[in-house]
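Novice: A single structure is presented below for examination.
Readers should treat all values here as calculations from the given coordinates under stated rules, not as data from a laboratory. Everything numeric in this text was worked out from a predicted model, so none of it was measured. Here the Cβ is made from the backbone with ideal geometry for all residues, glycine too, and neighbour counts use every protein chain on show.
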């Protein structure tokens with residue numbers, strides 16, 4: 001038995017059994033569980049989540065479900081939660097009336113994060129989400145060192161303080177820190193308005209990143225796109 005994408009391997013296995021032992025073998029497949037973009041859930045798929053908190057933190061696990069598309073959330077809440085059909089129907093009605101409130105996604109994220117990581121894991125994921133996204137218009141300086149240090153699941157990168165003494169341009173900084181794969185990618189992201197540093201959008205590829213931008217003597221908070229946050233540890 002297996003996913004429908006394994007049909008060829010499965011039928012080859014039944015043929016092997018017939019030839020080697022003269023036996024009978026029976027097989028069945030189930031439809032693949034896919035995302036709205038057609039991608040499947042699997043360890044080789046980019047952006048998927050693991051149940052192991054060492055591989056996917058409760059925060060990133062929660063964010064995965066919270067950021068599901070409407071189409072995915074409608075499907076997944078029936079598969080991954082133990083909510084009753086009546087409760088699901090009520091959530092769907094709420095969502096249709098107030099799609100901006102994301103009732104489906106929030107319920108899906110809570111249910112499955114609690115199931116996998118427990119109530120404590122869910123509350124920690126929620127607390128980290130609040131630290132990062134609540135009052136997102138407030139300056140990054142409003143986050144304490146303890147707030148920044150305690151955020152789990154956000155990718156962290158080390159960066160030498162000596163490189164900031166004289167300052168470096170934003171493109172070089174993003175590439176050297178490892179936030180982007182190349183300077184070309186960094187340049188395109190900035191030009192497309194997709195990068196913020198310490199909650200301020202970077203509008204100039206020549207923006208100088210220097211030691212004055214380090215928060216609490218150690219941190220630079222970088223946002224790539226809408227939901228990807230990185231904590232650069234300056235040392």
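Novice: What residue among 17, 220, 190 shows peak mean-square fluctuation when the chain is described by a Gaussian network model with Cα springs under 10 Å?
Specialist: Comparing 17, 220, 190 in a Gaussian network model of the chain, the most mobile one is 17.
Novice: Using Cα-Cα distances under 8 Å and only pairs 6 or more residues apart, what relative contact order does region 1-75 have, in percent?
Specialist: Working: 53 pairs, mean separation 17.0, N = 75.
RCO, region 1-75: 23 percent.
Novice: A follow-up question, please. Cα atoms only, region 154-234: Rg and Dmax in Å?
Specialist: Just the Cα atoms of region 154-234 yield Rg and Dmax of 11.2, 30 Å.
Novice: Connecting C-alpha atoms closer than 10 Å in a GNM of the chain, tell me which of 203, 15, 146 has the biggest fluctuation.
Specialist: 15
Novice: Would you mind calculating the relative contact order of region 154-234 from Cα pairs under 8 angstrom and at least 6 residues apart, reporting the percent as a whole number? Don't skip to the end; give the middle numbers.
Specialist: Numbers: 134 pairs, mean separation 31.0, N = 81.
Computed over region 154-234, the figure is 38 percent.
Novice: Name the residue, out of 223, 105, 166, whose mean-square fluctuation peaks in a Gaussian network model built on the chain with Cα pairs under 10 Å.
Specialist: 166
Novice: Using a Förster radius of 30 Å, what is the FRET efficiency between residue 123 and residue 155 based on their Cβ-Cβ separation? Nearest 0.05, please. Walk me through the numbers before you get to the answer.
Specialist: On the way: r = 22 Å, r/R0 = 0.73.
Efficiency, rounded to the nearest 0.05: 0.85.
Novice: How far, in degrees from 0 to 90, does helix 85-97 lean away from the longest principal axis of the Cα atoms of the chain, to the nearest 10?
Specialist: 40
Novice: Averaging sequence separations of C-alpha pairs under 8 Å and six or more residues apart, then dividing by the length of the chain, give the relative contact order as a whole percent. Display every interim value, and only then the final one.
Specialist: Working: 290 pairs, mean separation 33.8, N = 235.
That works out to 14 percent.
Novice: So how long is each side of the chain along the principal axes, counting just the alpha-carbon atoms, biggest first, in Å?
Specialist: 75, 47, 32
Novice: Next question. Between residue 36 and residue 11, what FRET efficiency comes out of the Förster formula 1/(1 + (r/R0)^6) with R0 = 45 Å and r the beta carbon distance, rounded to 0.05? The partial results should precede the final answer.
Specialist: Details: r = 30 Å, r/R0 = 0.66.
E between residue 11 and residue 36, to the nearest 0.05, is 0.90.
Novice: Restricting to DSSP H runs of at least four residues, report the calculated mean residue ellipticity at 222 nm for the chain, -39500 (n - 2.57) per run over all residues, nearest 500 deg cm²/dmol.
Specialist: Working: 9 runs with 106 residues, N = 235.
Mean residue ellipticity, 222 nm, calculated: -14000 deg cm²/dmol.
Novice: Subtracting the Cα-Cα distance from 0.36 nm times the residue separation, let me have the gained length for residue 142 to residue 71 in nm, one decimal.
Specialist: 21.9 nm
Novice: Here's another thing I want to ask about it. What's the extension gain from residue 206 to residue 78 if we count 0.36 nm per residue and subtract their Cα-Cα distance? Walk me through the numbers on the way to the answer.
Specialist: Working: separation 128, 0.36 × 128 = 46.08 nm, distance 4.84 nm.
This chain segment gains 41.2 nm when fully extended.
Novice: Right, something else. Which translational diffusion coefficient, to the nearest whole µm²/s, is obtained for region 1-125 from the Stokes-Einstein equation, given a Kirkwood hydrodynamic radius over C-alpha pairs, 20 °C and 1.002 mPa s?
Specialist: On the way: Rh = 16.7 Å.
The diffusion coefficient I find is 128 µm²/s.
Novice: Measure nothing but the geometry: give the 0 to 90° angle between the long axis through the Cα atoms of 70-80 and the longest principal axis through the Cα atoms of the chain, rounded to 10°.
Specialist: Taking the Cα atoms of the chain, the angle to 70-80 is about 60 degrees.
Novice: Which percentage, to the nearest 5, of the DSSP beta bridges contained in the chain is antiparallel? Intermediate values should be presented prior to the final figure.
Specialist: Working: 15 of 22 bridges.
Taking every DSSP beta bridge with both residues in the chain, the antiparallel ones total about 70 percent.
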